[in-house]
Amino acid sequence: MQKAIKFLLIIWAVLFAAVGIFGLLVWKKVLIPNVLLASRYPVTGVDVSSYQGKVDWQILAGEGISFAYIKATEGSSFVDPCFAENYEQAQQTGLRVGAYHFFSFDSGGKTQAENFIAVVPSFEGMLPPVVDIEFYGEYEKNPPDREPVREQLDILLLELEAQYGIKPVLYATQKSYQQYLAGDFTDYDIWIRNVYTPPLLSDGRNWIFWQYTDQGKLNGYDGEEQSIDRNVFSGSAEEFAEYP
């Protein structure tokens, strides 16, 4: 009996140590949990903003990626200072390119749409515009109510679709998805962020893009943020070529 107890204690100690080492490697950003899980998807891409600084798009495009989303605007007035250069130069590569807008809980959907439309010209083959819905500042602990957000989001999405002729994609964290999108906005594709596990959508919905890590390391940029967001498309290369 004592040998069995001692053996179990050793097993628990080994497991505890393994979990601790795994957690430390993740915390130190040595290990990216989703890399192996994401490797089954053949179409990969990045999303960038001014935090990546100066981007050499020819180098970045040669890093085995197929698409890039570029931050354009935020709220009703902010424009990413690197957007125009990034958007133009990314299109000169073989990448498929799109632009995204960071949704603000503090301004109306119409003026947010006007901000994006004024900044982002359309072009043949562009990826659908993306609306990024996530919590910031005090809203992380005190999320706005669902209905007022839905009302302004509806306005924004309809304005963007009318302008670009493509239904926008909705980007969300697991938390913001559950708060605002679960069981709703079913006509729109979902881009989900989950940097620890595969996406788990409570309503059983499929995702089109998955941001599987914010700790990617690629060549071709030099900014305040040394990491880069990595993403995958849910389908094959042939399906991506025809998307949307």
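The values are calculated or read from the model by the stated rules, or taken from the named source; none is laboratory data. Quick caveat, the model's predicted, so the values are computed rather than measured. Don't worry about glycine lacking a Cβ; one is built from the backbone with ideal geometry, like all the others, and counts go over all protein chains shown.
Given the conditions (1) surrounded by 15 or more Cβ atoms within 10 Å (Cβ to Cβ); (2) more than 11 Å from the chain's Cα centre (by Cα); (3) assigned to a loop (DSSP other than H, G, I, E, B), report the number of the one that residue 180 does not fulfil.
For residue 180, the failing item is (3).
Hey, residue 204 hits all of (1) surrounded by fewer than 18 Cβ atoms within 10 Å (Cβ to Cβ); (2) farther than 30 Å from residue 110 by Cβ; (3) at pLDDT 95 or above but one; which does it fall short on?
(3)
Anything in the range 191-208 that is without any contact (Cβ under 8 Å) to a residue 60 or more places away in the chain, of a type in the set (A, V, I, L, M) and assigned to a loop (DSSP other than H, G, I, E, B)? List them, or say none.
Once the filter is applied, which keeps residues that are without any contact (Cβ under 8 Å) to a residue 60 or more places away in the chain, of a type in the set (A, V, I, L, M) and assigned to a loop (DSSP other than H, G, I, E, B), the range 191-208 yields 200, 201, 208.
Helices (runs of 4 or more DSSP H) wholly in the range 56-150 with at least 2 residues that are within 15 Å of residue 168 (Cα to Cα) - which ones?
The qualifying helices (runs of 4 or more DSSP H) are 109-119.
Using the structure shown, decide if residue 190 is within 26 Å of residue 125 (Cβ to Cβ) and surrounded by 20 or more Cβ atoms within 10 Å (Cβ to Cβ).
For residue 190, the condition - within 26 Å of residue 125 (Cβ to Cβ) and surrounded by 20 or more Cβ atoms within 10 Å (Cβ to Cβ) - is met.
Can you find a residue in the range 213-223 that is modelled with pLDDT of 95 or more and of a type in the set (Val, Ile, Thr)?
There is at least one residue in the range 213-223 that is modelled with pLDDT of 95 or more and of a type in the set (Val, Ile, Thr).
Among the residues of the range 120-138, write down those that are at negative phi and surrounded by fewer than 15 Cβ atoms within 10 Å (Cβ to Cβ).
121, 122, 123, 124, 136, 138 - these are the residues of the range 120-138 that are at negative phi and surrounded by fewer than 15 Cβ atoms within 10 Å (Cβ to Cβ).
Under 9 Å between Cβ atoms, which residue pairs at least 6 apart in sequence (or on different chains) link something in the range 144-155 that is assigned by TED's automatic domain parsing to the domain that holds residue 170 with a partner that is charged (D, E, K, R) and surrounded by 11 or more Cβ atoms within 10 Å (Cβ to Cβ)?
146/184; 150/184; 152/110; 155/110
Does residue 84 satisfy the condition of being buried (at least 22 other Cβ atoms within 10 Å of the Cβ), assigned by TED's automatic domain parsing to the domain that holds residue 70 and aliphatic (A, V, I, L, M)?
no
Does residue 49 satisfy being surrounded by fewer than 21 Cβ atoms within 10 Å (Cβ to Cβ), assigned by TED's automatic domain parsing to the domain that holds residue 193 and out of contact with any His (no Cβ under 8 Å at 6 or more places or on another chain)?
no
Residue by residue, here is whether (1) closer than 21 Å to residue 98 by Cβ; (2) acidic (Asp, Glu) holds:
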residue	(1), (2)
150	no, no
168	yes, no
179	no, no
197	no, no
203	no, yes
208	yes, no
213	yes, no
217	no, no
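Of the residues that make up the range 209-231, is at least one outside any strand (DSSP E or B), free of Cβ contacts under 8 Å to residues at least 40 places away in the same chain, in the same structural domain as residue 43 (by TED's automatic domain parsing) and over 27 Å from residue 154 (Cα atoms)?
yes
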